[in-house]
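Worksheet: one structure, shown below.
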Amino acid sequence: MIFPAFDDHHPPEKDLIDDCVHCGFCLPTCPTYVLFGEEMDSPRGRIYLMNKGLNEEPLNDQMVRHFDLCLGCMACVTACPSGVQYDKLIEATRGQVERRYERTAQDKAFREMIFQLFPYPNRLRVAAAPLKLYQRFGVGDKLKKAGLMKVLPKRMRAMEALMPMLTKQQEVPEFSPAVGEKRMTVGFIKGCVQRVFFSEVNAATVRVLNAEGCDVVTPKAQGCCGALSVHAGREEEFQAFARKLIDEFEDSGVDRIIINAAGCGSTLKEYGYLLRDDRAYAEKARNFSAKVRDVSEFLQELGPVAERQPMPVAAAYHDACHLAHSQGIRKQPRQTLKQIPGMEVREIKEAELCCGSAGIYNMVEPEPATELGDRKATNVLNTGARMVVTSNPGCMLQIQASLKRMGTSMPMAHPMEVLDASIRGESVETLLLNR
């Protein structure tokens, strides 16, 4: 069946659309509704448009624009009293947009550039080489002083602002043995942006897992999990990535599969649903997803054995959307931090609002992303904490960029970096200095 706006390959499901009673509980937590106050830029407004697409109207520029402006943060899923599965609805809709809507040549080229680079760690490493020189010689600051940065397109300026400080790569071995008595064997997923730009987070994660009695298996050839692709509606590309990753872990003999990046984790846990039509992989995908755990989630399930040394510092904890809303993981990262003697965890005002990172959102929609990033950074500063802790690389880049734009800075770390420093007896000052 062909609908006015959609084809018959997994259009947004009518039953899921009908679950929405338009109560409005989602409105205060929706970033774009908070920014614009526009009904069609709210979850219930977009659901209304999906229904129109099933019954009345073809895809048009205005309709697609409202879908594009959604960050996919899933705060509405948390807020909804009716249990509306907006996550499934917006991903189905984006798949339709990707297949059935003709973007401008400029927009299409920019998006293709992103997807030919970010899901491929080896390509990212090649791109990082000239970026190191760019940073070492302060080229960006010189361009800004000369007023030349302003002539770049907004999207390119956004990418430049998000650029992390590049450090020496820390490789994770294919096998890392448990310290002391072995409690479990786990697999570890390195991610793409995480392994190239935040390799120290991966190294810290493996050390923590070893210290807690886990043998860690990290398949060397593993590639992208496909999270960026599926969130952008690139279904076939996602499926290819997912199948390869499942194959990498199929004979690994691991009890759990650990991920330390929130955006990747939410997709990995949905492999069973996302590959439901694939006869060869549907069951494999369900079995794979059943083993996936966010690292903080896993550590709380396992229980601590490694001794924590005091870390007397106040840290603002930022909830990554795909950890808090998509996976429902909020207390575990806080528990992980609070188990460190002397660690004070401070809450951030408007914690439910996205920071504006949202996968590729801060690159393709830089203006609303910047507003949200600056709002989040202001709330972070208002905590009076000495550092920020969060569980997603995109959030780190986004908040750092906003703080820099505001003329300030704050050390930023993943929970595993903080826990690793505590287990190793690192001082607070060393921790802050290295972040």
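The values are calculated or read from the model by the stated rules, or taken from the named source; none is laboratory data. Keep in mind it's a predicted model, so treat the numbers as computed, not measured. Virtual Cβ from ideal backbone geometry, glycine too; neighbours counted across all protein chains shown.
Are any residues in region 151-187 closer than 11 Å to residue 215 by Cα and either of a type in the set (S, T, N, Q) or in a loop (DSSP other than H, G, I, E, B) (or both), and if so, which ones? If the condition is that a residue be closer than 11 Å to residue 215 by Cα and either of a type in the set (S, T, N, Q) or in a loop (DSSP other than H, G, I, E, B) (or both), then 174, 176, 177, 178, 179, 180, 181, 182, 183, 185 are the ones that fit.
Among residues of region 358-378 being modelled with pLDDT of 95 or more and of a type in the set (Gly, Ala, Ser), the one that is surrounded by the most Cβ atoms within 10 Å (Cβ to Cβ) is 373.
Listed by position, the helices (runs of 4 or more DSSP H) enclosed by region 342-435 that each have at least 1 residues that are more than 23 Å from residue 111 (Cβ to Cβ) are 366-381, 393-405, 415-423, 428-433. For residue 73, the criteria (1) hydrophobic (A, V, I, L, M, F, W, C); (2) surrounded by 13 or more Cβ atoms within 10 Å (Cβ to Cβ); (3) modelled with pLDDT under 95 hold in every case but one, which is (3). Counting the residues of region 196-227 that are modelled with pLDDT under 95 and either buried (at least 24 other Cβ atoms within 10 Å of the Cβ) or of a type in the set (A, V, I, L, M, F, W, C) (or both) gives 4.
If a residue has to be without any contact (Cβ under 8 Å) to a residue 40 or more places away in the chain and in contact with a helix residue (DSSP H, G or I) (Cβ under 9 Å, 6 or more places away or on another chain) to count, how many in region 377-401 make the cut? Break it down into steps so the answer makes sense when it comes.
Of all residues in region 377-401, those without any contact (Cβ under 8 Å) to a residue 40 or more places away in the chain come to 377-379, 381-382.
Now drop any that are not in contact with a helix residue (DSSP H, G or I) (Cβ under 9 Å, 6 or more places away or on another chain), which leaves 377-378, 381.
Of the residues in that region, 3 qualify.
Would you check if residue 54 is assigned to a helix (DSSP H, G or I), more than 27 Å from the chain's Cα centre (by Cα) and among the hydrophobic types (A, V, I, L, M, F, W, C)? Judged against the criteria, residue 54 is a match. Would you confirm whether any residue within region 120-133 is modelled with pLDDT under 95, in a loop (DSSP other than H, G, I, E, B), surrounded by fewer than 16 Cβ atoms within 10 Å (Cβ to Cβ) and outside the structural domain of residue 393 (by TED's automatic domain parsing)? Looking for residues that are modelled with pLDDT under 95, in a loop (DSSP other than H, G, I, E, B), surrounded by fewer than 16 Cβ atoms within 10 Å (Cβ to Cβ) and outside the structural domain of residue 393 (by TED's automatic domain parsing), one finds none in region 120-133, hence no.
On the given criteria, is residue 27 of a type in the set (A, V, I, L, M), buried (at least 17 other Cβ atoms within 10 Å of the Cβ) and under 30 Å from residue 157 (Cα atoms)?
On the way: of a type in the set (A, V, I, L, M): yes; buried (at least 17 other Cβ atoms within 10 Å of the Cβ): yes; under 30 Å from residue 157 (Cα atoms): no.
Against the criterion (of a type in the set (A, V, I, L, M), buried (at least 17 other Cβ atoms within 10 Å of the Cβ) and under 30 Å from residue 157 (Cα atoms)), residue 27 does not qualify.
Taking region 160-183 as the search range and keeping residues that are surrounded by 17 or more Cβ atoms within 10 Å (Cβ to Cβ) and touching a residue at least 40 places away in the same chain (Cβ under 8 Å), which one is nearest to residue 201 (Cα to Cα)? Among those residues, the one meeting the criterion is 172. Within region 184-195, if we keep just the residues that are β-branched (Val, Ile, Thr) and buried (at least 23 other Cβ atoms within 10 Å of the Cβ), the residue that is farthest from the chain's Cα centre (by Cα) turns out to be 186. Those residues that are over 18 Å from the mean Cα position of the chain (by Cα) and either over 11 Å from residue 269 (Cβ atoms) or acidic (Asp, Glu) (or both), I need them from region 287-297; list them, please. 287, the sole residue that qualifies.
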